[in-house]
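Notes follow the structure.
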Amino acid sequence: MPPSVSAEQELPLSDAPPMSGEASEGALRPLLARRLVIVTGKGGTGKTSVASALALAAARSGRRVALLETGRAEHAPRLFEPAAAPVGYEGRDLLPGLRARRIEPYAALTEYLRSELRIPGIVTRVLSNPGFRQLMDAAPGWRELITLGKVWHLREAQDDGRPTWDLIVVDAPATGHGLVFLDVPRVVVSAVRAGPLQRHAGWVEAMIKDPRDTLLLPVTLAEELPARETAELVARLRGEIGVTVDRVIVNALPDAPFPASLGALDARLAALDLPTGVAGLPSASALAQCTRHLRERYELGQEYLGRVREWTGLPTTCLPYLTGGVRGIDDLARLAEALVDGEPTR
């Protein structure tokens, strides 16, 4: 697997199984043509920003969008408005056509049991019991399954005979936990022979593996560790889970710091004989060091952009590096434009 390979070695994928879904068919379907996009990636790669930018682009195109966070804390609302209050489980409209919410597992479990058992008083007492909560906290997999069950419920919801949401964007857990998150329905279907749990898990598994409407969107940086973890993620998605993945988002890619026609600008600056002692004028050495840093950072980004494409065998969509990060809707709009309008490249 990629993490065990040295930086000098290559990761040939010629013997890898075919890409799931439509990735091997040539032209990619637009992101906004999907109904469910699950965004994941190594922590710190900006997956919440990418999920929010995609939701913004879809809402501005006239679609009705649900932006769902699955972590313990909310981050997406503050990307739209730095002082935004939490949206909670019920959610809140951030923009016309865009509703954000955080899927809290116990709230989703309460809602599910009340609908299935139709005895809300007992459900409330059981779920508020400390002993029951302690037991549930020790049980693996139920949070992921109930969270994905809520996603399925939202995807199936209708208003006046049409889907309530044209697009659902899920800010999924980071890469390692994200694989468990996606694989739990398959495990439940395999382990439980019959009954409502097996049936409902089957519906969720079918939703995840729907090659037409569901897409897994990995987010990475053009750096060694995120690139390697993304390569492993894609390989396991192909080999174990079967969810469609047809591109990789390379976030925060530095632009070329100066035109290629200037050549080795840092060396040329270092050779200049600039006057010293002039207020506000850096030395030639300082200018050269700054220029060298920008050039090397850009070249490293291009190197690992190529490695991401090679190691995953997937086309990439590159998003710009924002010097101050995402500080509001204008910054999100820049990412949204690059995300939706930029054609993936190999």
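Under the definition of Cα pairs under 8 Å and six or more residues apart, what whole-number percent is the relative contact order of region 139-228? The partial results should precede the final answer.
Working: 53 pairs, mean separation 22.5, N = 90.
Across region 139-228, relative contact order equals 25 percent.
Identify, among 142, 129, 85, the residue whose Cα sits farthest towards the positive end of the charge dipole of region 69-145, taking +1 on the Cβ of Lys and Arg and -1 on the Cβ of Asp and Glu, with the dipole about the Cα centre. Positive-most Cα among the choices belongs to 129.
Rounded is the label for region 74-225, because the ratio a/c of its alpha-carbon gyration tensor axes (a ≥ b ≥ c) stays below 1.5. With equal scatterers on the alpha carbons only and no solvent term, can you work out the Debye log10 of I(q)/I(0) for the chain at 0.08, 0.14 1/Å? Log-scaled intensity ratios, in q order: -0.45, -1.16. Distance from the C-alpha centroid of region 295-324 to that of region 117-150: 43 Å, rounded to the whole angstrom. Our coupling estimate for region 72-82, obtained by passing each phi through the Karplus curve with A = 6.51, B = -1.76, C = 1.60 and θ = phi - 60°, is 6, 10, 8, 10, 4, x, 6, 6, 7, 8, x Hz, Gly and Pro reported as x. When the charge dipole of the chain is built from unit charges on Cβ atoms (+1 for Lys and Arg, -1 for Asp and Glu) and taken about the Cα centre, the candidate among 196, 314, 245 whose Cα reaches farthest toward its positive end is 196.
Could you check which residue among 33, 206, 284 shows the biggest mean-square fluctuation in a GNM of the chain with a 10 Å Cα cutoff? So, out of 33, 206, 284, the one fluctuating most is 284. Between region 186-242 and region 152-170, the C-alpha centres lie 21 angstrom from each other. When only C-alpha pairs under 8 Å and at least 6 residues apart count, what is the relative contact order of region 103-178, in percent? Taking the mean separation of contacting Cα pairs over the length of region 103-178, I get 26 percent. Other residues with beta-carbon under 12 Å from the beta-carbon of residue 329 carry, at +1 per Lys or Arg and -1 per Asp or Glu, a net charge of +1.
Computed from the coordinates by the stated procedures, all read-outs in this text should not be read as laboratory data. Bear in mind the structure is a predicted one, so any value in this text is a computation, not a measurement. In this analysis, Cβ positions are derived from the backbone assuming ideal geometry, glycine residues included, and neighbour counts consider all displayed protein chains.
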